[in-house]
1. Please tell me if ALA118 is over 19 Å from the mean Cα position of the chain (by Cα) and modelled with pLDDT of 95 or more.
2. For the range 243-275, name all the residues that are surrounded by fewer than 17 Cβ atoms within 10 Å (Cβ to Cβ) and charged (D, E, K, R).
3. Looking at the range 205-213, can you tell me whether even one residue there is farther than 30 Å from TYR263 by Cα and within 11 Å of ligand 1 (Cβ to nearest atom)?
4. As an exercise: evaluate LEU269 against (1) out of contact with any strand residue (DSSP E or B) (no Cβ under 7 Å at 6 or more places or on another chain); (2) over 27 Å from PHE354 (Cβ atoms) and give the number of the one condition it does not meet.
5. Confirm whether MET100 is farther than 19 Å from ALA236 by Cβ and of a type in the set (A, V, I, L, M).
6. Would you be able to say whether some residue in the range 133-153 is assigned to a helix (DSSP H, G or I), in contact with a His (Cβ under 8 Å, 6 or more places away or on another chain) and closer than 27 Å to ASP385 by Cα?
7. If a residue has to be under 21 Å from ALA125 (Cβ atoms), part of a helix (DSSP H, G or I) and among the β-branched types (Val, Ile, Thr) to count, how many in the range 217-260 make the cut?
8. Hey, among ALA338, ALA343, ALA325, which residue is within 27 Å of LEU113 (Cβ to Cβ), touching a Lys or Arg at 6+ places or on another chain (Cβ under 6 Å) and in a helix (DSSP H, G or I)?
Amino acid sequence: MSKKWVTVLGSTGSIGQSTLDVVSRNSERYGVFALVAGSNVTQMVADCQRVNPKFACLSDDVANQALTAELNRLKLPTKVIDYRTDLAMACQDSEVDMVMSAIVGAAGLLPTLYAVEAGKIVLLANKESLVMSGQLFIDKVKAHGATLLPIDSEHNAIFQSMPSGIQGHSDQCLHHHGVSKILLTGSGGPFRERPLSTFDDITVAEAVAHPNWSMGQKISVDSATMMNKGLEFIEAKWLFNAEVDDIEVVIHPQSMIHSMVQYVDGSVLAQMGQPDMRTPIAHAMAYPERIDAGVAPLNFSQMKDFSFHAPDFTRYPNLKLAMDACRVGQNATTTINAANEEAVAAFLRGQIRFPDIYCINADTLSALTLTYDASLEGVLACDADARTTAQQLITKRAVDV
Ligand code: NAD
Ligand code: MG
């Protein structure tokens with residue numbers, strides 16, 4: 001079997017590190033073409049030593065210079081490239097078979113589109129890029145013959161539970177294949193049972209401490225507000241060609257079922273496993289084969305509770321906001337994605353309180369007129385305007401913490 005070459009975008013992050021673990025466990029199958037990340041020199045050097053990529057690059061210029069110096073000092077063969085001029089090559093070179101898209105937030109859009117436009121296998125963790133650009137993204141996937149495989153655990157579970165004729169085809173009619181509903185599960189995050197009256201006091205440390213998953217800061221806060229499930233709702237619409245009414249959110253606190261697909265005959269297919277992202281990463285990297293992910297099997301005799309309930313929108317207003325935006329259309333989803341990124345960053349800086357994240361998102365959405373066209377320029381203009389509005393609202397709301 002010839003080796004497959006992988007470029008990992010966001011390699012120093014939580015998904016990036018899990019990807020490198022799967023690659024290292026299966027080094028006879030995978031080689032690393034390029035590692036790309038933000039500013040973490042120490043982690044990047046360690047990863048270059050571990051997986052020996054052909055190229056490495058940090059988007060922060062000062063950090064990239066430090067990376068060059070350190071790799072030279074260690075006499076490592078990896079060549080350091082420039083983020084602005086060489087990123088397209090890292091995603092599009094003819095040697096590259098697949099690109100893991102795991103940069104966090106809107107910064108992931110353009111690099112992911114590079115991979116799509118070169119017709120690569122795109123392993124999509126960066127849900128924000130799809131939420132931001134929806135139809136444009138899916139149209140490009142089709143036009144360039146790219147293969148889009150979901151890494152988000154819920155979407156990977158849905159993908160696995162879909163009929164094989166639909167898997168990987170985002171233009172099929174779900175109902176023609178007997179699918180009646182996508183059941184998108186979520187744990188409810190760390191504040192599922194916390195009294196609402198104490199939400200003003202939620203600290204950053206509490207918000208980023210997810211009960212079941214270990215993840216980057218932004219997605220951890222999104223999980224606490226359940227905006228993450230809202231973004232995933234929009235992501236599911238695009239990945240599976242679903243209507244808003246085809247998708248139902250179900251709270252499942254144990255995170256053992258990662259999502260389900262219901263069929264017209266009453267069958268429900270679920271994908272289960274440990275809450276460990278190496279499972280969906282290994283699934284997508286090897287699809288349609290299966291490889292070792294280093295994940296322990298489930299032990300059913302030790303499982304105590306296994307519960308499900310409907311989400312409470314008073315507790316999770318961001319979820320409702322995102323679901324409503326999905327009904328309204330592309331401009332609305334681009335806007336809430338951008339506003340939310342700004343609001344979460346402000347919360348992490350200690351500038352606003354936890355419940356303010358929703359207020360910023362909702363107020364940004366009502367402030368914009370949403371008349372942007374569906375081109376990349378339109379998407380980027382909508383994203384930029386939403387950020388400016390959100391930043392103004394944040395400044396007004398900012399508190400001393
Ligand atoms: P993280 O914060 O741990 O890592 C983010 C990575 O992106 C880092 O390598 C960072 O250096 C890089 N980065 C940030 N800004 C950059 C920029 N401007 N240019 C280049 N690189 C930049 O985040 P994560 O938890 O690994 O999440 C990554 C993506 O995967 C997010 O879109 C998230 O929603 C999605 N996702 C994560 C998980 C999870 O379990 N962590 C699950 C599902 C989906
Ligand atoms: Mg998820």
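1. yes
2. The answer is GLU243, ASP245, GLU248, ASP265.
3. So in the range 205-213, the residues farther than 30 Å from TYR263 by Cα come out as 205-211.
Remaining after also requiring within 11 Å of ligand 1 (Cβ to nearest atom): 208, 210.
Looking through the range 205-213, at least one residue is farther than 30 Å from TYR263 by Cα and within 11 Å of ligand 1 (Cβ to nearest atom).
4. The number of the failed condition is (1).
5. On the way: farther than 19 Å from ALA236 by Cβ: yes; of a type in the set (A, V, I, L, M): yes.
Here the answer is yes, as MET100 does meet what is asked.
6. First pass over the range 133-153, keeping only residues assigned to a helix (DSSP H, G or I): 133-143, 153.
The next check asks that each one be in contact with a His (Cβ under 8 Å, 6 or more places away or on another chain); those that pass are 153.
Now drop any that are not closer than 27 Å to ASP385 by Cα, which leaves none.
No, the range 133-153 has no match at all.
7. 4
8. Numbers: ALA343 fails: touching a Lys or Arg at 6+ places or on another chain (Cβ under 6 Å); ALA325 fails: touching a Lys or Arg at 6+ places or on another chain (Cβ under 6 Å).
Step by step, each of ALA338, ALA343, ALA325 is checked, and only ALA338 is within 27 Å of LEU113 (Cβ to Cβ), touching a Lys or Arg at 6+ places or on another chain (Cβ under 6 Å) and in a helix (DSSP H, G or I).
The values are calculated or read from the model by the stated rules, or taken from the named source; none is laboratory data. This is a predicted model, so every value here is computed, not measured. Cβ sites come from the backbone with ideal geometry, for glycine too, and all protein chains shown count toward neighbours.
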